[in-house]
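**Q** What follows is a single structure, and I will ask about it in a moment.
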Amino acid sequence: MKSKLLKPVSADEATRPMPDHFAAIRDRIRTKRKPAAEPEVGIFFVYEGMPFIDGTPVNEAEPYGSFTGHAVGHPSFWHFLQRNGAVPSDVEYDEVPRGRVGFQTEEQKFYVFADPCILKDTQIIDRIERELNLPSADTAPPKLDSHYRCPGCMKTEKQRREEEADWDF
């Protein structure tokens, strides 16, 4: 493959006025640009490595104690995903790793609470934080929460060994 060498731009060419039609295109693009996305609170599932996220802009979030949060619950969001064929209809919402992002109003910080299965995967956590536009400076490190434990995470190590032994023939 050959590289194309470009000649340097002279001072006269650099200061030359932009043709009107290009200036108009530039101006249209500038006016259509979205403003910076607002951070959101929300809920999420991770099913077979794929995150499913539902969020609400933090200024529209509902109060919940010292937090503001997403009004939609995990069961409703899971049923929505099932109705739309995104996830299987024979899997219950509490069988899937899940979590929540809330905004602590006194500290002015976002908190990500998630199942241990999700917290192990930093790429998934990064994607959730990116999708919800969480500012890194105002987001606490992700935390475990007893509400968010899939059946696999609820089992003790002893139970896992016993189950594996049951399958050994």
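**Q** Given Cα pairs under 8 Å that are at least 6 residues apart, what percent is the relative contact order of segment 41-154?
**A** 27
**Q** Continuing with this model, one more query. According to a simple spin-label model (label point 7 Å from Cα along Cα-to-Cβ), what is the distance in nm between V91 and T122?
**A** Label at T122, label at V91, 2.6 nm between them.
**Q** If a/c stays under 1.5 just call it rounded; otherwise compare a/b with b/c (prolate if a/b is bigger, oblate if not). Do that for segment 41-154, with a ≥ b ≥ c from the square roots of the Cα gyration tensor eigenvalues.
**A** Since a/c reaches 1.5 and a/b is larger than b/c, the shape of segment 41-154 is classed as prolate.
Readers should treat all values here as calculations from the given coordinates under stated rules, not as data from a laboratory. These numbers were taken from a predicted model, which means no experiment stands behind them. Cβ sites come from the backbone with ideal geometry, for glycine too, and all protein chains shown count toward neighbours.
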